[in-house]
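The structure appears below as structure tokens.
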């Protein structure tokens, strides 16, 4: 098991913008601009405050920009190249070990989801498994766009909370 070295919150607060973005830019999938915007709002008193600030930056954007942000996330169970965080998280849920049939089922459901909502299915896979993820995908295909945008944000909040917790020590 790899040993992780956590960054102290005091170190994060003292970083230059370039250092801050380098350290935190991958927390939100393919969106280092979130870290760029959050840097100006330092210092943070807690990981939670940092996380809430980053989420607020996204939530305050117009709906079209939020949906564009959602589209920066990879499909689950994809065979395309994805970010390091997503790769580890999907491996932990077993999505890298799907049978060819399961892979095709996920791919078809991902396409259906994208056609319905205009952004990929976003799910906090850590601690989950392919069966639970499949069930959630099937259920969420019945949601309205508004419900699903809210659910996507809830899952992004979970995903990024895990990532910040893995990176920063208070």
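The values are calculated or read from the model by the stated rules, or taken from the named source; none is laboratory data. Please read all numbers here as calculations on a predicted model, not as lab measurements. Cβ coordinates were reconstructed from backbone atoms using ideal geometry, including for glycine residues, and neighbour counts include every protein chain displayed.
Here is a yes/no grid of residues against (1) at pLDDT below 95; (2) surrounded by fewer than 12 Cβ atoms within 10 Å (Cβ to Cβ); (3) over 27 Å from residue 55 (Cβ atoms); (4) touching a helix residue (DSSP H, G or I) at 6+ places or on another chain (Cβ under 9 Å):
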position	(1), (2), (3), (4)
106	yes, no, yes, yes
113	no, no, no, yes
130	yes, no, yes, yes
133	yes, no, no, yes
142	no, yes, no, no
148	no, no, no, yes
152	no, no, no, yes
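Against the list (1) surrounded by 13 or more Cβ atoms within 10 Å (Cβ to Cβ); (2) at pLDDT 95 or above, the condition residue 30 fails is (2).
The residues listed here are 27, 58; of these, the one that is touching a residue at least 40 places away in the same chain (Cβ under 8 Å), within 15 Å of the chain's Cα centre (by Cα) and in a helix (DSSP H, G or I) is 58. Residues of the stretch 67-79 that are surrounded by fewer than 18 Cβ atoms within 10 Å (Cβ to Cβ), touching a residue at least 12 places away in the same chain (Cβ under 8 Å) and not in a loop (DSSP other than H, G, I, E, B): 67 alone. For the condition touching a residue at least 12 places away in the same chain (Cβ under 8 Å) and either exposed (fewer than 13 other Cβ atoms within 10 Å of the Cβ) or not in a helix (DSSP H, G or I) (or both), residue 44 qualifies.
Quick check on residue 137: is it in contact with a helix residue (DSSP H, G or I) (Cβ under 7 Å, 6 or more places away or on another chain), at pLDDT 80 or above and either assigned to a loop (DSSP other than H, G, I, E, B) or over 19 Å from residue 26 (Cβ atoms) (or both)? Here the answer is yes, as residue 137 does meet what is asked.
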